[in-house]
1. Mind listing whichever residues of the range 210-265 are among the hydroxyl-bearing types (Ser, Thr, Tyr) and more than 20 Å from Leu155 (Cβ to Cβ)?
2. Checking the conditions here, which among Ser133, Ser48, Ser128, Ser61 is within 24 Å of Pro240 (Cβ to Cβ) and surrounded by fewer than 20 Cβ atoms within 10 Å (Cβ to Cβ)?
3. Go through the range 74-101 and give me each residue that's at negative phi, within 19 Å of the chain's Cα centre (by Cα) and not in a helix (DSSP H, G or I).
4. Please work out which residue is modelled with the lowest pLDDT, limiting yourself to the range 4-32 and to residues that are more than 21 Å from the chain's Cα centre (by Cα) and in a helix (DSSP H, G or I).
5. Only one of Ala210, Ala200 is under 29 Å from Glu97 (Cα atoms) and crowded, with 21+ Cβ neighbours inside 10 Å. Can you tell me which?
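The values are calculated or read from the model by the stated rules, or taken from the named source; none is laboratory data. Model, not experiment: these values are computed from the prediction. Quick reminder, even Gly has a Cβ in these numbers, built from the backbone with ideal geometry, and neighbours come from all protein chains shown.
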Amino acid sequence: MTDTPFNPIPHRQIHPALQFLILIGLVIAAMIVGTIFSMAIIKLLWGSEVLADTLQFKVSSVQTKNALWLIQIVSTTLPLLVSPIFFSYIIVREPEEYLKTTFRFPWILIAIVFLTMFSASPLMEYISNFNQSLNLPQWMRDNEDQLSKVQDSMLEMKTFSKMIFNLFFVGLVTALAEEFVFRGCLQTIFIRWMKNKHTAIWIIAILFSAFHDEFLGFLPRLLLGLFFGYFTVWSGSIWPAVWAHFVNNGTVVVWSYLYQQKITTINPSNQHIFNNTWYIISLIITLFLLFIYRYISNKRQIADIDGEELD
């Protein structure tokens, strides 16, 4: 018997549909392993009672809150981060194509992304209010209330260091993990599958929103998914989308901390801050910034092509 090196099948020999199934399988398997591992740690550290309360989302003690964070990180965040990296390097062996970690994009796009995320805030509020006004089943609203209570508990920040912790995990690590999966691997797979960038971006935005299992926030998160998708496709890099995702999540964390410390009186859960005039202004400015983002990205791509031809 001879030892032969493991040579993963090149992506061109794996149909995008099969790539999709492989990646989803990796994510699910990693989440199952992470869940089992985190449950074992919780039982070992705090006992069966805390584990039972955690699984029932009963936030009754400091141990339960810590256990919720442990489950979140080990069973969701880390699997989402590791799976696309493994898929890109080991399965298809095209990390640059699937993770899109190149820094070859105009850095002015980072500033435009920052402005876009804040200019879109009134627009996001309008869409969120519309989403919540829909006639949804009561079980969806009950599920949303329970998730909201858990999230509020996890975002309880009595110290500055806890805010930094949340900013790192909720803002940065979550943004990186989810963008690697959705705008990196999945969006690349669906672009190759559907042969249409716009179709792929919309499909991934829908999957991204559905993944979060929050029905009352489905439409605004769908819009975020579209932003992140076009940021990636237009620039050719994952980093503008990661930055946009971080700005969105990080704003919630910082605003929640400021509200809890009574530095601001504006409740981050308040969805009635702006009026119709602001909604219209927000739409106009956001569309303008997206146009500028696309224009600069296209101009850079044309310059790169011209440079390659000269070489």
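1. Tyr230, Thr232, Ser235, Ser237
2. Ser128
3. Thr101
4. Per the criteria, the residue is His11.
5. Values: Ala210 fails: crowded, with 21+ Cβ neighbours inside 10 Å.
Just one listed residue meets the conditions, Ala200.
Each row is one residue, and each column tells you yes or no for (1) free of Cβ contacts under 8 Å to residues at least 24 places away in the same chain; (2) touching a strand residue (DSSP E or B) at 6+ places or on another chain (Cβ under 9 Å); (3) under 15 Å from Ile24 (Cα atoms); (4) basic (Lys, Arg).
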position	(1), (2), (3), (4)
Leu51	yes, no, no, no
Phe57	no, no, no, no
Ile71	no, no, no, no
Ser75	no, no, yes, no
Phe86	no, no, yes, no
